[in-house]
Structures are given as C-alpha cells and as structure tokens.
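Asks: Handing you a structure now.
The values are calculated or read from the model by the stated rules, or taken from the named source; none is laboratory data. Predicted, not measured: the structure shown is a model, and the values here were computed from it. Note that each Cβ is placed from the backbone with ideal geometry, even for glycine, and that neighbours are counted across all protein chains shown. Note: accessible area is taken over every heavy atom of the protein model, side chains too, but ligands, DNA and RNA are not part of it. Shrake-Rupley method; radii C 1.70, N 1.55, O 1.52, S 1.80 Å.
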Amino acid sequence: MSAYVLILDDDADVATAAQLLLRRRYGKVATLCDPAGLPALLAQGVPDVVLLDLNFTPGSIDGAEGLALLDLLRSQAQPPAVIAMTAYADVPLAVEALKRGAGDFITKPWDNARLVAAIDQALARRAAMRGPATAAPDLMGESTAMRELKALIASVAPTEANVMVLGENGVGKELVARAIHALSRRAAGTLLAVDMGALPESTFESELFGHRKGSFTDAKADRAGRFQAARGGSLFLDEIGNMPLAAQAKLLTALERREVTPIGADKPEAIDVRIVSATNLDEARLFDPAVFRPDLLFRLNTIVIRVPPLRERREDIPLLLTHYLNLYALQYERPARNVSAAAMDGLLRHDWPGNVRALRHACERAVILGQGAEFALSDFGLGAGMAAMDGGADFIVSPGVVAAPARGSGSGEMTLDALEREAIASALAQFNGNISHAAKSLGVSRAALYRKLGKHGI
C-alpha cells in the first residue's frame, strides 16, 4: 500500500520495532524521536498517518506534550490521520486525544494485527474525507461556519455558475476563489486574479480585453487581455465593488456577449472563462444602483458565498495560531513555543478587525519579537494600533519597543551593529512603528527588516 507513515516516539527501540513491522506494508515509514524536529519534517511533506506517542519527558504521564503535537499536526493544511499511543491506558487522556482530532487510540505494547488494522482504517477514512474534489485544504478551520463554507464550495465548484464572494478585509476571499477553481472542471486551466479597484479607468479595456500593436501611443506590440489569458480557466475579479460605473458597463457588455474586442482590433474574440468576483462592500451598498449596476450584479452573483469574519468563528483561533506560529518559527529559525493561558484568553476575546490576515501578521510579530519561554499577549501587538487595523499589509511595533537604547551606547563607542540598530530604531520611531514605511526609508525589504529586528532584539 502506497502511504507515508510517521512514527513519533521518544523511545528509539519502540519506534524501530514499529518501523520494522510496517515498512513492508506501506510505501514509506519514517521515525522521529525528538518532537522538536517535527516542524522541519512537516515542511518537507505531511505524512498520511502519524503514530503519536503522548508522553516524551521521562516520568510524564499527563499527555500534555503529545496533545500539543496533535494540535500542530491538525493545523496543517492537509492534516494527517493521527493514531495516539501511550503506555498508560488512561481513558480520559484517550478521550481528550480523540476530541482534538485523533482518529484512534492504541496502548503499548500493541497487538501487531490491531496496529496494522488501525492504520488501514485511518488511511481509508482519510481517503474518503478527501475524495475527488470535496475539500478546500487552504481554508483552515473546523468550526460550524467553516464546515458549512467548505461544503458550499464543494457543491458550487463543479458547476459553471459565476460566483460572488462577500466578506470583510482579511477573511480569505481569494482563498475561496482558489478553492472554487481547484475543485472545478477548469482546474487544469489558469486562475488569473485581477484587482479591479487598482485598474486605472484609462487602461481598463487594454488590461481586460487586450490591444493591437499601434492602437495607441504605448502599444508597441499585440497584447492579450486578462479574459484571453485566462481562456479555459477562471478569472478572479477582486474588489469589484470599487469599479467606476463606466467600467462596469464595459464589463457587463463583455459578459452578456461572451466576447471582447481588443483595442484596435476589427472583430471581437470569444471568451471562455468562469467569473469569480469578490468585494468587501456591505450588501446594502452593493445593491445601491448609484454604486453598482443591478444588471451587472445579476450577471455576477448567480451564487453568493459569504465568508464569516473571524470573530464569528472564534473556535478556529487556536488552530490558526498554531499553524502560523509554527510556520513563522520555521521561517525565521526560532524555537517553537506555546501560547500562555492568559495570552490565549486575550487572543480569543479579541475581535480581530483585520480577520485572519491580521492574526497572521500578529503571529509573525510574536515570533520575531517574543522573548519569553511562552508567547505573552503583548508579543502579538494587540494595542490601539492593531485594533485600528483593517487587514492591511503592516503590523505596528509598539513605541515602547522602538525606544530601547542601542547596545553598547553607554560605552561611547559606536560599533557597526550599534549604528545599524540605532538607524532601525530611528526609522521605526519616525514612522510610528510602521514596518513597510520604515523598511522603505532604510532601503531594505520588509523581510530583511524583520530579520534585523530579531538580530538586534528590537
């Protein structure tokens, strides 16, 4: 049977025994005795099944370490099936593991036939759950709202109906569009995303419908528009509520006729795309004829999908936190840490006006700036600056952080490191902690500035 099985157990003898038993039956059987290596291993590929020991520290029997690893495994975009293992037949611990997403529970020493049967059943359940075109793996969350959203996507995706995705900034509207395309009959084609709000009205037709060489001053060659480039695939029209009414009329004509005429062309060209559009406009404004044409809306919203804000699915917050904290810990080569109980309480109560995007940025900030053994609420920057965010690309570094004195400044000797730290602190103070503006003024990328923040402990 072709499958990737991981045995995660601190007892090398136990792990090796299981590997010897299973390696002739399954395609790949790996062992890992140090749980600290799990994030790096997952970055290389997620197993199909994980046999997970629940206790790693000698003398520990409460299963806390294993349950934390279970949360990490369940946070993956395509989580593995997990079979929990322990030498202690503790029914409450077994129940807790099952509640957190384990598919089965086995006590050690195990019966060989029982272990193989458990793995086979786990693989069968996983295959049935995934199935052909039945999931939206990039949309994380197991709340009722997210389950309903994924079910709706799976139902709508195989059709050719145009879909309009509604939701606040940062909820993941583009992820919904990508899931619809990936699960559609057009999945082999291109998904082309266009920010309609960013298209200047003067170049709207050229960008969407294309142009011919010499049709205007800068038309130095023929150029296919977005409709032609996405032929046979899907066209994602993001921020469609920000289009001027004149541009809306041109788009309506193209959709009604199922053809576009490139600027300078003599005849129209047929189009073959599925339209998925998105907007953060309130529905009352969307139905205002002064803002959006009703006839265009009728063409676009055959199916309407509303993506819930994060504050309406708070039960998904722990899963999202685990995923992004481990993702950025791996990216920035920082140790994996847990979130303190007090911090988790604050994060669960926060309204997240920037939704998942804001949570992701807050996790990145915490990984870069957090210094404690556990993440504290202050590491996530949920002050006035974060509360005011609407899901934009920046997070705010608190003024108290940027005001820290440069290392070694008391000696009167300015090293290169001290000068660099002082320049960074000065730029952050100048732009009130805005990362993008500070990075631009320093002439470095945001990623480079993040690394320097960690390097200097800012």
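Asks: Express in nm, to one decimal, how much length is gained between residue 218 and residue 36 on full extension, taking 0.36 nm for each residue of separation and deducting their alpha carbon distance.
Replies: 59.9 nm
Asks: Scan the stretch 221-277 for trypsin sites (Lys or Arg not before Pro) in coil per DSSP, keeping those whose Cβ has at most 13 other Cβ atoms within 10 Å, and list them by number.
Replies: Answer in residue order: 258.
Asks: If you don't mind, another one. Just to check I understand the Karplus step: with θ = phi - 60° and J = 6.51 cos²θ - 1.76 cosθ + 1.60, what whole-Hz values come out for the stretch 63-69, glycine and proline as x?
Replies: Calculated HN-Hα couplings, in order: x, 4, 5, x, 5, 5, 5 Hz.
Asks: Expressed in nm to one decimal, what extension gain is obtained for the pair residue 4 and residue 78 from 0.36 nm per residue of sequence separation less their Cα-Cα distance?
Replies: Extending this stretch completely gives an extra 25.3 nm.
Asks: Suppose R0 equals 22 Å; then what is the FRET efficiency for residue 331 and residue 12 from their Cβ-Cβ distance, rounded to the nearest 0.05?
Replies: The value I calculate is 0.15.
Asks: If you don't mind, another one. How many nm separate the modelled label positions at residue 374 and residue 348, each set 7 Å beyond the Cα in the direction of the Cβ?
Replies: Placing both labels 7 Å beyond Cα along the Cβ direction yields 1.3 nm.
Asks: Same structure, new question: Taking amide hydrogens as modeled 1.01 Å from N in the peptide plane, which residues meet the under 5 Å criterion relative to residue 50, leaving out close sequence neighbours?
Replies: 6, 81, 82, 83
Asks: Could you give each residue of the stretch 147-158 its phi-based ³J(HN,Hα) in whole Hz, using Karplus coefficients 6.51, -1.76, 1.60 with θ = phi - 60°, and x for Gly or Pro?
Replies: 5, 5, 4, 5, 5, 5, 4, 4, 6, 7, 3, x
Asks: A follow-up question, please. Hey, rough spin-label estimate for residue 68 and residue 422, points 7 angstrom out along Cα→Cβ, what's it come to in nanometres?
Replies: With each label placed 7 Å out from Cα toward Cβ, I get 4.0 nm.
Asks: What does the accessible area per residue of the stretch 144-306 come to in Å², with a 1.4 Å probe and no ligands, DNA or RNA counted?
Replies: With the other protein chains kept in place, the stretch 144-306 gives 46 Å² per residue.
Asks: Kirkwood Rh over alpha-carbon pairs of the stretch 311-380, then Stokes-Einstein at 37 °C and 0.692 mPa s: what D in µm² s⁻¹, rounded to an integer?
Replies: Estimated via Stokes-Einstein, D reaches 276 µm²/s.
Asks: Using amide H atoms built in the peptide plane, which far-off residues or other-chain residues are under 5 Å from residue 259 H to H?
Replies: For residue 259, the qualifying residues are 271.
Asks: Please give the length that would be gained between residue 246 and residue 440 if that part of the chain were fully extended, namely 0.36 nm times their separation in residues minus their C-alpha to C-alpha distance (nm, one decimal).
Replies: 66.3 nm
Asks: Can you figure out the FRET efficiency of residue 20 with residue 57, using R₀ = 22 Å and their beta-carbon distance, to the nearest 0.05?
Replies: With R0 = 22 Å, the Cβ-Cβ based efficiency is 0.25.
Asks: Could you order 26, 332 so the one with the most accessible surface comes first? Probe is 1.4 Å.
Replies: Descending accessible area places them as 332, 26.
Asks: Something else now. Which aspartates and glutamates, if any, have their Cα less than 16 Å from the Cα of residue 267, not counting same-chain residues under 8 positions apart?
Replies: Result set, ordered by chain and number: 205, 222, 259.
Asks: Spelling out what I want: for every residue of the stretch 275-281, take phi, set θ = phi - 60°, compute 6.51 cos²θ - 1.76 cosθ + 1.60 (Karplus), and round to whole Hz; glycine and proline get x.
Replies: 9, 10, 10, 8, 7, 9, 5
Asks: Would you please give the residues with an amide H less than 5 Å from that of residue 31, counting only those at least 5 places away or on a separate chain, with H modeled from the backbone geometry?
Replies: Close amide H contacts, sequence-distant or interchain: 7.
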